[in-house]
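A.B. asks: Structure provided below as structure tokens; questions to follow.
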Amino acid sequence: MKKLEGKTALMTGVSRKKGIGFAIAHALAQDGADIFLTYHKPYDKELWGEGGADEVEEIVEELRKTDVKVEALELDLSLPEGPKKLMEEVIKKFGKVDILINNACHSGKDTVETLDATSLDKHYAVNTRATLLLTGEFFKQFTGDEGWVISMTSGQGVGPMAAEIAYASTKGAIDAFTLSASPDLAKKNIKIYALDPGPVDTGWMTEELKTDVAKASTKGRVTEPNDIAQEILSILSGEEGVQSGQVIRRRYGI
């Protein structure tokens, strides 16, 4: 029997085969978990161009080859009602959620000088508000023996991210929420973590940056999405031995 057989995983932000979200979803499916994923094509087109939002159908098809149930929903998580609507859809399809992976994010460039309300609100709506509300919806529906919430964070706790002020600030809120929410989630035996993967090659790195990152890494290479997927599996299996409420910073030697 596969370790996650009988479990249902809800993953936000899965739309590109090169992305961290797909790597995680594929690893969970291979380990037996049913998968419900979300995507938002307008944001993918904004970030990656016209060709950046056409892989969802391929992703769903590939995940289904692992013989688990897979459903996908296009959803704008920046809308206040998005998280509640999402959880209702998952329960309608699968009846429950055991694992929540908050992977969707909004990412843009700004500095202290260029920061404005519009940019800050866009980042906050997806990175912070949606993550907090969806975690609350997960908690309310959970009736299982053991649950997990893993939210993707970033390196704002390691060093300054001066060109990504809104992004770093809203991701920093996830770190704080993870610790503060852990006592309530523990009442239902739900473990909650934030995971900082460090720089990962998902298609955004220049060749020069890849070379620099590889040189700085003790592994001598750039971190790939599958590395993060294996990290998630280790967390879910309990191999990490990390207390709930913590930010796990796996810098992969960087």
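The values are calculated or read from the model by the stated rules, or taken from the named source; none is laboratory data. The structure displayed is predicted, hence computed values, not measured ones. Positions of Cβ are backbone-derived with ideal geometry, glycine not excepted, and every protein chain shown enters the neighbour counts. Quick note on the areas: whole protein, heavy atoms, side chains included, nothing else; ligands and nucleic acids left out. Shrake-Rupley method; radii C 1.70, N 1.55, O 1.52, S 1.80 Å.
A.B. asks: Can you pull out the helices (runs of 4 or more DSSP H) entirely within region 41-155 that have at least 3 residues that are basic (K, R) and open to solvent by 20 Å² or more (accessible area, probe 1.4 Å)?
C.D. replies: Details: elements: 41-48, 56-64, 82-94, 117-123, 131-141.
Helices (runs of 4 or more DSSP H) meeting the threshold: 82-94.
A.B. asks: Also, quick follow-up: Quick check, is I35 under 22 Å from K122 (Cα atoms) and not small (G, A, S)? Spell out how you get there, then give the answer.
C.D. replies: Working: under 22 Å from K122 (Cα atoms): no; not small (G, A, S): yes.
Judged against the criteria, I35 is not a match.
A.B. asks: Can you tell me how many residues within region 1-40 are open to solvent by 60 Å² or more (accessible area, probe 1.4 Å), touching an Asp or Glu at 6+ places or on another chain (Cβ under 9 Å) and modelled with pLDDT of 95 or more?
C.D. replies: Residues of region 1-40 open to solvent by 60 Å² or more (accessible area, probe 1.4 Å): 1-3, 5, 17-18, 30.
Now restrict to residues that are touching an Asp or Glu at 6+ places or on another chain (Cβ under 9 Å): 2-3, 5, 17-18.
The next check asks that each one be modelled with pLDDT of 95 or more; those that pass are 5.
Total meeting the criteria: 1.
A.B. asks: Moving on to the next point. Inside region 158-178, can you point out the residues that are surrounded by fewer than 15 Cβ atoms within 10 Å (Cβ to Cβ) and assigned to a helix (DSSP H, G or I)?
C.D. replies: So the first thing to find is which residues in region 158-178 are surrounded by fewer than 15 Cβ atoms within 10 Å (Cβ to Cβ), and the list is 158-160, 162-163, 176.
The answer is A176, and nothing else.
A.B. asks: Starting from residues that are among the charged types (D, E, K, R) and under 21 Å from the mean Cα position of the chain (by Cα), keep the ones in region 185-210 and report whichever is modelled with the lowest pLDDT.
C.D. replies: Going through region 185-210, the residues among the charged types (D, E, K, R) turn out to be 187-188, 191, 196, 201, 207-208, 210.
Among the residues that remain, those that are also under 21 Å from the mean Cα position of the chain (by Cα) are: 191, 196, 201.
On the way: K191: 98, D196: 93, D201: 66.
Only one residue tops the list, namely D201.
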